[in-house]
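What follows is one structure encoded as structure tokens, with my remarks underneath.
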Amino acid sequence: AYHSPRTTATASAAPPPPQGITFPIMWVLIVAPLRAYSSMTVFEASGAGHLLDTPALFFLVLHLCIGDTWNTINNVERRLGAAVPGVACVWASVLLAAVNYGAVDSTAGTCLGLTAVWITVAGTLIADTWRINNEDGTEPLYPYKGDVATRFWFEAP
């Protein structure tokens with residue numbers, strides 16, 4: 001018999017998750033200011049003639065795009081398995097952006113690189129949540145066609 005894979009709506013969380021107030025505090029008070037400060041530093045170090053076309057800034061945009069895609073997989077579609085390699089891509093993309101920021105300004109690279117520490121913690125929790133809820137092996141580590149249908153806000157239900 002086919003068992004439909006679990007989603008985070010029916011899943012057990014990894015013990016002990018720093019949920020609740022910890023995640024918003026980290027994102028709003030720590031990660032966002034580090035991204036803003038490091039990006040401002042890269043922009044200023046690049047000179048006024050570059051505007052926003054500094055290659056290092058494009059790597060941050062790539063990281064943010066990958067992160068938003070992962071957020072949809074994890075928080076909207078609630079796919080436990082696909083979220084694991086997804087968060088690994090988010091982690092790799094922030095490291096790539098930090099290396100490129102560091103090539104422009106070492107302080108900017110270090111500040112952005114610090115956000116990888118938080119993504120490591122989040123990634124560990126994501127992987128452990130998948131592990132705990134996949135003892136029967138029905139939740140794959142890749143996207144699949146399931147019951148979840150993601151819609152844009154302007155689409156009719």
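List of remarks:
- Rounded, prolate or oblate (a/c below 1.5 giving rounded, otherwise prolate when a/b exceeds b/c) for the range 17-157 by Cα gyration tensor: prolate
- Packing order of peptides 91-99, 60-68, highest average first: 91-99, 60-68 (average count of other Cβ atoms within 10 Å over each peptide's residues).
- Taking the average, over residues, of other Cβ atoms within 10 Å as the packing measure, peptides 147-153, 112-118 rank 112-118, 147-153 from highest down.
- Chain lengthening between D136 and L51 when straightened (0.36 nm per residue, less Cα-Cα): 25.4 nm
- Gyration tensor (alpha-carbon) shape descriptor, the range 46-97, a/c threshold 1.5: prolate
Read the figures in this text as sums done on the coordinates, not as results from a lab. Quick caveat, the model's predicted, so the values are computed rather than measured. Virtual Cβ from ideal backbone geometry, glycine too; neighbours counted across all protein chains shown.
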